[in-house]
1. Among the residues of the range 163-199 satisfying the criterion of being in a loop (DSSP other than H, G, I, E, B) and surrounded by fewer than 16 Cβ atoms within 10 Å (Cβ to Cβ), which is nearest to the ligand (Cβ to nearest atom)?
2. If you check every pair at least six apart or on different chains, which have Cβ atoms under 8 Å apart with a residue in the range 191-215 that is on the phi > 0 side of the Ramachandran plot first and a residue that is within 13 Å of the ligand (Cβ to nearest atom) and modelled with pLDDT of 90 or more second?
3. Where residues in the range 101-133 are of a type in the set (Val, Ile, Thr) and in a helix (DSSP H, G or I), which of them is farthest from Ala69 (Cα to Cα)?
4. What do you reckon, is Gly23 assigned to a loop (DSSP other than H, G, I, E, B), crowded, with 17+ Cβ neighbours inside 10 Å, within 13 Å of the ligand (Cβ to nearest atom) and in contact (Cβ under 8 Å) with a residue 40 or more places away in the chain?
5. Residues being part of a loop (DSSP other than H, G, I, E, B) and either within 12 Å of the ligand (Cβ to nearest atom) or closer than 19 Å to Tyr157 by Cβ (or both): count how many of those fall in the range 200-229.
6. For the range 141-162, which residues satisfy the criterion of being on the phi < 0 side of the Ramachandran plot and assigned to a helix (DSSP H, G or I)?
7. So, in the range 79-123, of the ones that are among the aromatic types (Phe, Trp, Tyr) and farther than 21 Å from Ala25 by Cβ, which residue ends up surrounded by the fewest Cβ atoms within 10 Å (Cβ to Cβ)?
8. Based on this model, can you work out whether Lys45 counts as loosely packed, with under 15 Cβ neighbours inside 10 Å and in contact with a Phe, Trp or Tyr (Cβ under 9 Å, 6 or more places away or on another chain)?
Amino acid sequence: MGFLQGKRALITGIASERSIATGIAEAMHREGAELAFTYQNDKLKTRVESAAAEYGSNIVLPLDVSDDAQIAACFDALGKHWDGFDILIHAIAFAPREAIAGQYLDGLTRENFAIAHDISSYSLAAMAKAARPLMSGRKGSILTLSYLGAERALVGYNVMGVAKASLEANVRYLAYNLGPEGIRVNAISAGPIKTLAAAGIAGFRKILGHVEQNAPLRRTVTIEDVGNVAAFLCSDLAAGVTGEITYVDAGYNILG
Ligand code: 0WD
């Protein structure tokens, strides 16, 4: 029996087979969780529907987190399928491309700053708020994805690093707020993985090579590595863990 048997999980952020959310879905399915999915727009709908079918799920809901009405509608619709659920995976981030090229100030505008923070950080709290009535009182777990650029100035990560710092603070405030209801909130800070979102970051291939040569494990991580830790963190095996940022990065973050 898998260690997520009897758990229900809503997974956001599948954009392709390479998405980190795909690795998380795979691990959670293997460990016995029942899954539901969201897709950002019509272009991704069929892809997410076929991923869902692979995991025996027919709960596939639209959700663009920039739209309050879609957030409300998503959890209304989920509540019609499930009277409650246990796991919420937030694997969503976005910054306008010009904001993640060149130097930080080159692409900095009020609008780019607001968009990056809205989609990549605010959306976690907004979803937690909307999910709360369905997750409360049942040992729920919320998990998001961060990156080392939240705490170090990394070449090209720019406003996304500032938004990830906000996201990590968000994890701590949400953990504090929702803990009394039994809901845990954590983040995985993943090492670089070649996904669609990563392809937008200037010099990403160089970053992968650098990690391969220098990380303690002398390799990059895979979506399977991240998926396995996500499954553990959202299971009752991690019942005592909340408000934490867990590194799944082949040890890269320990380097000075
Ligand atoms: O190296 C990496 N790939 C790392 C990613 C290292 C550390 C952290 N992360 C984070 C990302 O910042 C993100 O928070 O992991 C999370 C998942 O990212 P991913 O798996 O690398 O990227 P991808 O497969 O592109 O999925 C992210 C998806 C979007 O895909 P695209 O590429 O189409 O923007 O986030 C979704 C979207 O499907 N997304 C949204 N979903 C709902 N509403 C929105 C939105 N407004 N915007 C983006």
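1. Only one residue tops the list, namely Lys194.
2. From residues that are on the phi > 0 side of the Ramachandran plot, the pairs are Gly203/Gly156.
3. Among residues in the range 101-133 that are of a type in the set (Val, Ile, Thr) and in a helix (DSSP H, G or I), the one farthest from Ala69 (Cα to Cα) is Ile115.
4. In short, no.
5. Number satisfying all stated conditions: 8.
6. Kept after step one, since they are on the phi < 0 side of the Ramachandran plot, are these residues of the range 141-162: 141-155, 157, 159-162.
The answer is Leu148, Gly149, Ala150, Val159, Met160, Gly161, Val162.
7. At the first step, the residues of the range 79-123 found to be among the aromatic types (Phe, Trp, Tyr) are 82, 85, 94, 104, 113, 122.
Subsequent filtering for residues that are farther than 21 Å from Ala25 by Cβ retains 104, 113, 122.
Values: Tyr104: 15, Phe113: 17, Tyr122: 17.
The selected residue is Tyr104.
8. On the way: loosely packed, with under 15 Cβ neighbours inside 10 Å: yes; in contact with a Phe, Trp or Tyr (Cβ under 9 Å, 6 or more places away or on another chain): yes.
Yes: the conditions hold for Lys45.
The values are calculated or read from the model by the stated rules, or taken from the named source; none is laboratory data. Keep in mind the model is a prediction, meaning the values are calculated, not measured. No Cβ is skipped: glycine too gets one built from the backbone with ideal geometry, and neighbour counts run over all protein chains shown.
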